[in-house]
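In what follows, a single structure is set out as structure tokens and then discussed.
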Amino acid sequence: MTFKELVISKLTSLELPVHNEMGKEIARLKLIEEEDLNDQQMIEKITEWRNKYKSCFLSEFIPTNERTKKWLECIVLPSDDRLLFKISTLENEFVGHIGAINRGNYIEYDYYIVGVKSNMKNFALSIARNFLKWIVEVKDFEYILGNVRSDNEHALKFHIRTGFHIYNRVSLVKKIDTENEFSFEKSESKDLSTIHLVEIRATKEDLS
């Protein structure tokens, strides 16, 4: 059984309910499937958020709906080890997405964005903790790894509130791909004075 098949076997109708600290259901996560490629509104929102938060990623480019759809179709959906969930309110409004990648003995935290502001206290925090506590138990992973750009202080503070701790700092080198595209790659340099990668980790106990 693949990781994706294992996850699906633990879900009801491919959905995972999200509860706040009081035990009240506040949102639902639903695994993105092939039929979602026809959801133009979803693709447009993912593209919009990728552009809005592009400085949070290790690669920067001009997002398009076509590029988003191709990413889902050719990278996310075919992978047995990569998952991406839609985040929806109880009113069925699509407000973000959250993902994970199976790396063997650990999970890589991938692509978490809440693109619509909520008036609910700790809405984004509750989603992160619910999802990560659940996913790490699916296969009893040792830990969860996350990667954060050092200039993204807001995200780093959020992840620490979630339960992560800083594990390592790695130098990055900027690679220009085209005039409008570049990426950051890990470097052997010890210089952390510019943008670098902050590796964060959390165990199941850290998320309790």
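Quick rundown of the values:
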quantity: Some residue of segment 111-128 being touching a residue at least 60 places away in the same chain (Cβ under 8 Å), more than 22 Å from P63 (Cα to Cα) and in contact with a Ser or Thr (Cβ under 6 Å, 6 or more places away or on another chain); calculated: no
quantity: Set R161, R169, R149, R129: member being at pLDDT 95 or above and touching a Cys at 6+ places or on another chain (Cβ under 7 Å); calculated: R149
quantity: Qualifying positions in segment 12-36 - open to solvent by less than 20 Å² (accessible area, probe 1.4 Å) and more than 20 Å from F123 (Cβ to Cβ); calculated: L31, I32, D36
quantity: Residue count for segment 90-108, restricted to those that are open to solvent by 20 Å² or more (accessible area, probe 1.4 Å) and either modelled with pLDDT under 95 or over 13 Å from the mean Cα position of the chain (by Cα) (or both); calculated: 9
quantity: Segment 99-122, residues that are closer than 21 Å to G23 by Cα and in contact with an Asp or Glu (Cβ under 8 Å, 6 or more places away or on another chain); calculated: N122
quantity: Condition check for R169: of a type in the set (K, R), open to solvent by 70 Å² or more (accessible area, probe 1.4 Å), under 20 Å from C56 (Cα atoms) and outside any strand (DSSP E or B); calculated: no
quantity: Subset of segment 78-87 (residues that are over 15 Å from the mean Cα position of the chain (by Cα) and either among the small types (G, A, S) or open to solvent by less than 50 Å² (accessible area, probe 1.4 Å) (or both)); calculated: S79
quantity: Scope segment 183-200; condition open to solvent by less than 40 Å² (accessible area, probe 1.4 Å) and either assigned to a strand (DSSP E or B) or among the charged types (D, E, K, R) (or both); matching residues; calculated: S183, F184, H196, L197, V198, E199, I200
quantity: Qualifying positions in segment 115-129 - open to solvent by 40 Å² or more (accessible area, probe 1.4 Å) and either within 13 Å of the chain's Cα centre (by Cα) or of a type in the set (D, E, K, R) (or both); calculated: K117, K121, R129
quantity: Residues located in segment 142-159, provided they are assigned to a strand (DSSP E or B) and within 14 Å of I113 (Cβ to Cβ); calculated: G146, V148
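The values are calculated or read from the model by the stated rules, or taken from the named source; none is laboratory data. Model, not experiment: these values are computed from the prediction. As a convention, Cβ positions derive from the backbone with ideal geometry for all residues, glycine included, and neighbour counts pool all protein chains shown. Protein only, heavy atoms only, side chains kept; ligands, DNA and RNA dropped before computing areas. Shrake-Rupley method; radii C 1.70, N 1.55, O 1.52, S 1.80 Å.
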